[in-house]
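The values are calculated or read from the model by the stated rules, or taken from the named source; none is laboratory data. Since the structure is predicted, the reported quantities are computational estimates derived from the model, not experimental observations. Because the Cβ atoms are built from the backbone with ideal geometry, glycine has one as well, and the counts that use them run over all protein chains shown. These area figures cover heavy atoms from the full protein model, side chains too; ligands, DNA and RNA do not enter into them. Shrake-Rupley method; radii C 1.70, N 1.55, O 1.52, S 1.80 Å.
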Amino acid sequence: MVANVSEETKILEAAEATPEADRRRLWIRRSVWALLVLFVVGSIGGGAGIFWIFYHYGKDLPDFEALRDYQPPVATRIHAGDGTLLREYARQHRLYVPISVIPQNMIEAIIAAEDKNFYTHAGVDFLGVLRAALTNASNAFNGRRPVGGSTITQQVAKNFLVGSALSYERKIRESILAFRLEKAFTKDQILELYLNDTYLGLGSYGVAAATLNYFDKALSELSLTEAAYLAALHKGPSNYHPRRHYDRAVGRRNWVLERMRVVGFLTREETEAAQAEPLVTVPSKGPDLFRADHFVEEIRRDIYNRFGGKTLYEGGLSVRTTLEPRLQAFAEATLKAGLVAYDRRHGWRGALSKLPIEKDWAQAVGELKLQLGIDAWRPGLVLELREDGAVVGFGDGGLGFIPFDEMTWARAWRPEQKLGPRVRDVSEVLALGDVVALERLEDRSKDRAIDSFLDRDGNAVGVVPAYGLRQVPAIEGALIAMDPHTGRVLAMVGGFDYARSEFNRATQAERQPGSAFKPVVYAAAFDSGFTPATLVLDAPFVMEQGEGQPKWKPVNSSNRFYGPSTLRLGMEKSRNLMTVRLAQYIGMKKIVEYADRFGVGENVLPTLSMALGAGEVTLLDLTAAYAILVNGGYRVEPTLIDRIQDRFGKTVFRTDQRECRGCRAEAWEEQEEPRVPDTRRRVIDARTAYQVVSLMEGVVRNGTGRKVRVLGWPLAGKTGTTNDWHDAWFLGFSPDLVVGVYVGFDQPQTMGVNEEGSAVAVPIFRDFMALALAREAHVPFRVPPGIRLVRINAETGMPAAPGDKKVIFEAFLPGTEPTGERLVLDGSRGFMRSGKRVRNGTGGQY
């Protein structure tokens, strides 16, 4: 039954029969009598009484002129580069809309319910006050709910200026302010303030936000009955909750509809038809957000530091970021897949939790709060062990089956990432009551018939879906994708699951880059007269470290020595001993200088171990350093924000401060195309940058990054691995996209023997680039002017001779091409030719 107006009155009377309600009725009686005194004095007491009241209570009133510049707390919105909404930050959920877009039925409903004489009174409705006084005098003696006599203008004065303290002094001050507001503002301006500020429940401030939260629709789509319900909420949203107090809510809504008929906004037929409709609310699904949690948290901290918390949560900023959702989705998926793949290689660490198998097991599973990190995974409870697998149950009461061959990977984890014996029985992996992570298998042929369980009707459940056993990785990682020409960060993932750990390993984790630092060393070498064909001795290297210290003996990852080798081969195969000799010859002082140029020198000291990547760096900074190589030698600063606008659309921050004269031309009149100045700072020669890029292409074609070459795109990069396989890196690029990948434990420990950058990080880079470049053309790396491509023997570095098998085109600066004389850098003292020293170096420090 739909509650009618009289039923609603009875419900409200019962609800108001409390001591608090008694105090409120007493206050209303006093306030009404005070206003009657004001009315009588104004009517028969002459101007002196009016003047005294206005003078006495009008002193020190708030400055209502501030309402002209009223800026209500409005949410700050973070958008991706394509406009996709990423996050909202707000203390109050409010959508401020001008009166011109508020539907007429909403305006009529609020006027009928709150202030039918709004457009005719001067701020205080004396007839309304008198009518309320007479009604309340009767209600007070009969124990009924009092009615108010405040106009909309008075309520604006109360809400914005004088507060809601229960006193007749406040009521008089409110009335005086109402008169002043009516003189300073139009009726529509006052109504606009009222409809946008009132709290209407469900976290909604104003009718626009309430329309979304109660009906999940735009304000312009509001129906008559919905408008009447929102008008009813102005008297106390908690009293008229659409689900907890449905009858009361319908009764109050119908009372508003009846008031609309009495005032003349509706006919009797329209009123009765509207009152007969049920109250149907649609819970808001909330804003449609694209999730990029680590990236957005970086933005939030930036805005907080730049503008302060009040502006962040109340200022209504519109922040346009650099994020590209398509690339971000690829980054999330490929990083998680890579971490899971590594984790499976190193065994099973056990169940997520344990639960007793009781009658209400499904409810117990459903109440678990587990962070699995992948949407397709779900927790399941092991209910039965069988020879061919295990039966599991889910929080919704459903069942599943884990085939035995889906758990053979789960050999027991051992310290130092080693594995236990092969799995030969289900019980070696699972036990009854285990809660484990599961993923539905695409192969439907693995679904199984389960006759040992009955459904609610007492029948065998039959065939149940098959699931694969999954494990949340203990290892962590990060991925960054960046535009190498501008530094705009297009994608950022700071860990496996933000809900599990908010720590951003892309920006906050400083780790040793290992061999991923070597391109900096090679750039310094090429600017010191070396070429990609220069021969450097790959042989044992020993250095004293001081009294009481062991000798420093760096080794190659293979623990082998290869003799004289070209710098190209040294880069491709990541030869440590060649790099140390190179650094010793050109001097660590120069390498530190180049590290500073590349933006990764903060922790680089003038010691030889730093040439092998011992200086800690963040993934973000190292990715920006690689951008310098592919963009031709220009330093770019990583940026996450393009621009920030205030609530009025004015740009208050812009990353790109360059002025483009002619870009705002109103028409095309065959004028010269405007040119935006390039303000980037050059830090290395474009030719040097290309020589390093050329060597890094070889890393992908022939070296430690060769797992990437299957893609077929022009790609270059460099692996990095630290001592005892603690950290794994791969940083690489196409001509227009640079990507960095880091993998390692938060608490440094070995990832296991031979878990190098090539095994752990390279597959993640490869899979990301396969998705990211799927729509892109195959563009080769740009060769700058001043580079000569010369045919040489790849093994000797000498000019190619007829019959040579391994011949390549190598990049040289004019005048540095090989002449046929074989020189080998063999140590700290210089070059050797046929056993004779021909050139001395600067030496190095350690």
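What is the calculated FRET efficiency for residue 746 to residue 821, with r their C-beta to C-beta distance and R₀ = 41 Å, to the nearest 0.05? Efficiency at R0 = 41 Å is approximately 0.20.
A cut-off of 5 Å between modelled amide H atoms, ignoring neighbours fewer than 5 places along the same chain, links residue 462 with 450.
For residue 617, nonlocal amide neighbours, meaning residues 5 or more places apart or on other chains whose placed amide H falls under 5 Å from its own, are 511, 512. The H on the amide N of residue 496, modeled in the peptide plane, is under 5 Å from the matching H of 477, each at least 5 residues off or on a different chain.
With N as its number of residues, region 415-530 has a Cα radius of gyration that, divided by 2.2 N^0.38 Å, comes to 1.83.
In this simple spin-label approximation, residue 682 and residue 235 carry label points 7 Å from Cα along the Cα→Cβ vector, and these lie 7.8 nm apart. Using every pair of distinct Cα positions in region 222-374, the Kirkwood expression returns a hydrodynamic radius of 21.9 angstrom.
Computed from label points 7 Å out along Cα-Cβ, the spacing between residue 706 and residue 616 is 3.6 nm. Sorted largest first, the principal axis extents computed over the alpha-carbon atoms of region 262-350 equal 75, 41, 27 Å. Residues in region 541-659 average 43 Å² of solvent-accessible surface per residue, probe 1.4 Å, ligands and nucleic acids excluded.
Values of log10 I(q)/I(0) for region 662-786 across q = 0.11, 0.12 Å⁻¹ run -0.52, -0.59, by the Debye formula with one identical scatterer at each alpha carbon and no solvent.
Computed over region 696-755, relative contact order equals 25 percent, with contacts defined as Cα pairs under 8 Å that lie 6+ residues apart. Note on residue 272 and residue 723: their simple-model spin labels are 9.2 nm apart, each label 7 Å out from Cα toward Cβ. Heavy-atom accessible surface of region 663-799, averaged per residue, reaches 49 Å², computed with a 1.4 Å probe. Seen from residue 223, the other residues with C-beta closer than 14 Å to its C-beta sum to a net charge of -4, counting Lys and Arg as +1 and Asp and Glu as -1. Spatially, region 249-296 and region 474-494 are offset by 45 Å when compared through their Cα centroids.
Extension gain for residue 216 to residue 88 (0.36 nm times residue separation, less C-alpha to C-alpha distance): 44.4 nm.
Could you tell me the calculated FRET efficiency between residue 539 and residue 783, based on Cβ-Cβ distance and R0 = 22 angstrom, to the nearest 0.05? Rounded to the nearest 0.05, the efficiency is 0.05.
Based on the Kirkwood approach, the hydrodynamic radius assigned to region 339-471 is 15.2 Å, with every pair of different Cα atoms included.
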